[in-house]
1. Per 10 Å bin, what is the whole-percent P(r) computed from every C-alpha pair distance within region 1-60?
2. Where does each of 69-75, 22-28, 59-65 land if you order them by average Cβ count within 10 Å, highest first?
């Protein structure tokens, strides 16, 4: 396929491929990406694809790219569907830090040092 034939393919089929993908995805931005990826793949295979078969190649590539996109989106999930409680901490004050500091202050100096070295510095108890 020559550059002129490729440009002719873009003129003839870009809107049709976009509408085909838009009908299946129902999102304005994702079909644009699918169409762009499909034309990039066509350009990369321009030496192998005959101009007369470019429409078939383009629609097949767009369809497969759309399926890959849908599968990837299913794996990732939708951030808007996640409840705030599942990814945030409680806003309630527990006072745990003060309780731990109070318990540490009651220990003798050598025991406090061992715990501090273990927890803060990563040393072994031995």
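1. Computed distribution, short to long bins: 24, 55, 19, 2.
2. The most tightly packed comes first, giving 59-65, 22-28, 69-75.
FYI, it's all coordinate maths here, none of it is from the lab. Here the structure is a predicted model, which is why all the values come from computation and not from measurement. No Cβ is skipped: glycine too gets one built from the backbone with ideal geometry, and neighbour counts run over all protein chains shown.
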